[in-house]
Amino acid sequence: MQISENISLKKYNTFGIDVNAKRFIAVTSFYELQEVLKTEKDVFLLSGGSNMLLTKDIDQLVIHINIKGISIDSEDENHVYLTVNAGEDWHEFVIWCISQDYGGIENLSLIPGNVGTCPIQNIGAYGVEVKDVITKVQALEIDTSKKLEFSNSACQFGYRNSIFKNELKGKVVLTSVSFKLTKNAHQLNTSYGAIETELQDQNITVPTLEDVSNAVIKIRQSKLPDPKQIGNSGSFFKNPVISSEHFNKLQKKYSKIPSYKVSDDEIKVPAGWLIETAGFKGKRFGDFGVHEKQALVLVNYGNASGKDIFELAQKIQEVILKTFDITLEIEVNVIP
Ligand code: EPU
């Protein structure tokens with residue numbers, strides 16, 4: 001185990017922000033991680049780096065979680081129970097599951113990041129959230145190097161939210177995640193408009209897991225930038241929830257405003273629509289901007305700094321508040 005000095009983190013974050021880690025170590029096993037945490041407490045954890053915006057050099061020891069491995073814990077007639085180590089790439093895991101005919105996460109194809117971070121923001125897309133298939137999450141407590149286990153309910157999952165983003169932020173390292181997936185009688189979730197249309201276009205009436213995954217991949221590729229080509233962190237903001245009263249007022253002025261009912265008196269509106277309507281979609285400012293096909297995604301075209309992108313986000317928040325009286329909440333973890 002060797003600590004390196006002055007390492008660029010550009011290739012370790014999907015935004016492609018070039019900041020340095022004063023000290024950096026990659027751990028490839030649970031025990032290595034435990035050893036490091038015995039002596040180092042002021043640490044900065046980095047897994048897939050797919051949901052963070054780095055704004056300056058990191059003074060703490062950066063620990064890159066690169067623990068690989070998938071194990072099947074048990075199986076019954078209808079389900080398989082798996083535990084997957086934190087450093088496995090999420091999309092590769094999804095594709096592997098499809099090749100084994102394990103169902104439940106096909107709608108979550110092509111989401112950047114690693115398995116170990118998927119519970120933190122409860123990744124979700126096209127009508128499925130990862131909380132639907134997680135049985136438990138294993139972690140190490142930073143202060144004590146003790147092993148912890150969280151049941152699904154202990155994770156306190158919410159929309160792009162969990163206990164790991166709140167009271168346990170900075171206190172634990174997620175080391176593996178356990179899933180319950182279907183082996184047969186898969187419950188495909190194709191009701192999301194774009195998936196249905198994509199399958200119809202291909203004349204697929206009885207879709208397989210692979211068909212659904214391919215449809216999702218096609219949809220995502222058509223509007224979301226590939227972080228390998230254009231730095232980004234997916235949706236930069238959460239979709240805000242507003243009161244029905246507030247929504248009715250907006251609808252009078254903007255008759256086409258899309259909406260999803262959350263409860264009798266609450267409505268979710270797509271932040272992408274608000275940002276597009278405010279005129280930001282496709283706007284480029286030097287090396288950074290708002291993606292041309294999905295206004296919810298802020299992008300780094302090359303050498304933007306985290307500060308540039310954060311300032312743009314703040315500008316967008318300001319304009320959205322002024323125009324729609326809505327406070328947009330940032331979804332990405334901004335490292336100040
Ligand atoms: N829209 C616009 N302009 C835009 C983008 C969207 O008008 O630039 C409108 C669309 O026309 C549609 C509505 O907004 O009426 C919703 O758009 P979309 O279906 O693309 O979904 P989203 O609300 O923008 C959410 C997630 C995505 C996820 C998709 C699909 C959040 C913050 N984002 O986006 O998640 O892939 O639904 O389920 O909930 C991510 O979290 O990184 C992410 C990409």
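Quick note: the coordinates plus some simple rules give every number you see, no bench work behind them. Every value quoted in this text rests on a predicted model; they were computed, and no experiment measured them. When we count neighbours, we look across all protein chains shown, and the Cβ atoms used for this are built from the backbone with ideal geometry, even at glycine.
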Within-12-Å neighbourhood charge of GLU292 [Cβ basis; K, R +1; D, E -1]: +4
Table column - 3J(HN,Hα) (Hz), segment 100-113, Karplus curve with 6.51, -1.76, 1.60, x for Gly and Pro: 8, 6, 9, x, x, 10, 4, 5, 9, 4, 6, 7, x, x
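For the chain, what does -39500 (n - 2.57) per DSSP helix run (n ≥ 4), summed and divided by total residues, give at 222 nm, in deg cm²/dmol to the nearest 500? It would help to have the intermediate numbers written out before the result.
Values: 7 runs with 80 residues, N = 336.
Here the helix-only value at 222 nm equals -7500 deg cm²/dmol.
Quick one: putting +1 on the C-beta of Lys and Arg, -1 on the C-beta of Asp and Glu, what dipole do you get for segment 4-65 around its Cα centre, in Debye to the nearest 20? Present the calculation step by step, with values, prior to reporting the outcome.
On the way: 7 positive and 8 negative charges, 25 e Å.
Result for segment 4-65 is approximately 120 debye, rounded to the nearest 20.
For the chain, what relative contact order do you get, as a whole percent, if you take Cα pairs closer than 8 Å and at least 6 residues apart?
Numbers: 698 pairs, mean separation 57.1, N = 336.
For the chain, the relative contact order is 17 percent.
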How high is the FRET efficiency between LYS68 and TYR159 when r is their beta carbon distance and R₀ equals 30 Å, given to the nearest 0.05? 0.50
Of TYR81, SER178, SER151, which is farthest on the positive side of the dipole of segment 70-182, counting Cα position, with +1 on Lys and Arg Cβ, -1 on Asp and Glu Cβ, and the Cα centre as origin? SER151
Note down the net charge around PHE179, summing +1 for each Lys or Arg and -1 for each Asp or Glu among other residues with Cβ under 12 Å from its Cβ. 0
Under a plain spin-label model, where a point goes 7 Å from the Cα along Cα-to-Cβ, how far apart in nm are GLU149 and SER99? 2.9 nm
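Filter the trypsin sites (Lys or Arg not before Pro) in segment 113-161 down to the DSSP loop ones having no more than 16 other Cβ atoms within 10 Å, then list what survives.
Numbers: sites: LYS131, LYS136, LYS146, LYS147, ARG160; in loops: LYS146, ARG160.
Within segment 113-161, the qualifying trypsin sites (Lys or Arg not before Pro) (loop, at most 16 other Cβ atoms within 10 Å) are LYS146.
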Per the rule of 0.36 nm per residue minus the C-alpha distance, extending ASP76 to VAL334 adds in nm 88.7 nm
Using only the alpha-carbon atoms of the chain as identical scatterers, what base-10 log of I(q)/I(0) does the Debye formula give at q = 0.14 Å⁻¹? -1.23
Any idea how far apart VAL319 and ASN248 come out in nm if each label point goes 7 Å out from Cα toward Cβ? 3.0 nm
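Can you pull out the chymotrypsin sites (Phe, Trp or Tyr not before Pro) in segment 101-190 that DSSP calls coil and that have at most 16 other Cβ atoms within 10 Å? If you can, show how the numbers build up before the last one.
On the way: sites: TYR102, TYR126, PHE150, PHE157, TYR159, PHE164, PHE179; in loops: TYR102, TYR126, PHE157, TYR159.
Those that pass, being in a loop and sparsely packed, are TYR159.
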Magnitude of the Cβ-charge dipole of the chain, K/R +1 and D/E -1, about the Cα centre, nearest 20 debye? 1040 debye
Any residue on another chain or 5+ positions along whose placed amide H is under 5 Å from the amide H of ASP57 is listed here as ASN20
Sorted by packing (mean other beta-carbon atoms within 10 Å per residue), highest first, where do 274-282, 49-57 land? 49-57, 274-282
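Residue separation times 0.36 nm, minus the C-alpha to C-alpha distance between GLN187 and THR28: what's the value?
Residue separation times 0.36 nm, minus the Cα-Cα distance, leaves 53.8 nm.
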ASP57/GLN2 FRET efficiency (R0 22 Å; Cβ-Cβ; nearest 0.05): 0.60
Determine ³J(HN,Hα), in whole Hz, for all residues of segment 41-51 in sequence, where each value follows from phi through the Karplus function 6.51 cos²θ - 1.76 cosθ + 1.60 and θ = phi - 60°; x replaces Gly and Pro. 10, 8, 10, 10, 8, 9, 10, x, x, 9, 9
Dividing the Cα radius of gyration by the Kirkwood radius, what Rg/Rh value follows for segment 133-198? 1.13
So what J values fall out for segment 210-216 if you push phi through Karplus, 6.51 cos²θ - 1.76 cosθ + 1.60 with θ = phi - 60°, rounded to Hz, Gly and Pro as x? 5, 4, 5, 4, 4, 5, 4
Would you mind checking which residues have amide H under 5 Å from GLU266's amide H? H placed 1.01 Å from N; only 5 or more apart, or other chain. SER244
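So for segment 125-251, if I pair up every lysine 8 or more residues apart or on another chain, how many of those pairs have alpha-carbons under 15 Å apart?
Values: LYS131/LYS165; LYS131/LYS180; LYS136/LYS147; LYS136/LYS180; LYS146/LYS171; LYS147/LYS171; LYS165/LYS238.
Lysine pairs meeting the criterion: 7.
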Eigenvalues of the Cα gyration tensor times 5, then square-rooted: what semi-axes does that give for segment 231-335, in whole angstrom, largest first? 26, 13, 11
